[in-house]
1. Can you list which of the GluC sites (Glu not before Pro) found in segment 93-162 are DSSP loop residues with at most 10 other C-beta atoms within 10 Å?
2. Apply 1/(1 + (r/R0)^6) to the Cβ-Cβ distance of S248 and D82, taking R0 = 22 Å, and write down the FRET efficiency to the nearest 0.05.
3. Restricting to DSSP loop positions (anything but H, G, I, E, B) with no more than 16 other Cβ atoms inside 10 Å of their own Cβ, which trypsin sites (Lys or Arg not before Pro) remain in segment 57-110?
4. Roughly speaking, what is the stretch gain from M210 to F237, that is 0.36 nm per residue apart minus the C-alpha to C-alpha distance, in nm to one decimal?
5. Just how large is the dipole of segment 35-138 about the Cα centre, in debye to the nearest 20, putting +1 at every Lys and Arg Cβ and -1 at every Asp and Glu Cβ?
Amino acid sequence: MRYLYLILIFSFTTALSYGQNNPGIWLEVDGSYWQTDNRSSNFNSFTRERSGSLRPMIGYKWNDRWGLGVMGNFLSYREKIDPISGSYAIYSNEPDENGNYPVIAYNEKLEESAISNELKGFGIFLRRYVKLGKKTSLNFNLYGIREKGKNGSIQVYPDYYPCALCLSVIPGPYSVSNPIIETNWKFGIDAAFAYQATSWMAVELRANLMEFRRRVIQDNAPPLLDPGFGGTYYDFFPLMGSTEDFGSAVKRDGIRLGLVFQPFW
């Protein structure tokens, strides 16, 4: 991701130097944050969903209707997903000749789960301006962006802890995480209502109207001789691979509040 920072810094310095002689250059940053609490299967605990993003943009407006630019995206999220199947070992209450307690059966159960990651992205956009009044306007971005995060995890929240030396279980919540790498390709259109607060700054409310997202999740767990955890095995495999979805991204990204700086206008 160091290339993303280099590109943004280069774009920013280029925009500043070019903008001194060309009034069409503008700078923008928008962001959003939300979170909700969902009761999980654990006693007196919650799985918390959250999403926060920051999106800097540098654009060039070549006439009253059209502009283009580049943008970055820094996104951190945690969302609840479908329950994950867990296979719990049931041990014999009699040791074998070596003093070990052999597994005599497995108990299958679905467990509450969530996915979490921090993504960084870079993209381009084409902007269409629609003037409403003297200080108000709408603008629409047709955009494409690629995001990637290498520090993500799929989290499982069992409601009991398997006991290796007894037939029963020890109550008490705990969590198990499987590291992942996530890559997103996003293409869509967003809309913003803008108010020209001063001659050099505008305030915006922006939302992603329609978006196509291709999401690729790769297993990033280190190789283990025993993939289980305390006699428990979790089926993470169905979540790996690519998925596609199309529709409004407002529920996922929220409404973004932005500031547009026009120091050279």
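We did not get these values from a lab; they are worked out from the coordinates using the rules stated. Since this is a predicted model, take the numbers as computed values, not measurements. Cβ: placed from backbone, ideal geometry, glycine included. Neighbour counts: every protein chain shown.
1. Values: sites: E97, E108, E111, E112, E118, E147; in loops: E97.
Hits after loop and neighbour filter: E97.
2. Values: r = 21 Å, r/R0 = 0.95.
Given R0 = 22 Å and the Cβ-Cβ separation, E is 0.60.
3. Loop-located and lightly packed - R65.
4. Values: separation 27, 0.36 × 27 = 9.72 nm, distance 2.95 nm.
Length gained between M210 and F237: 6.8 nm.
5. Numbers: 15 positive and 12 negative charges, 385 e Å.
Once rounded to the nearest 20, the dipole reads 1840 debye.
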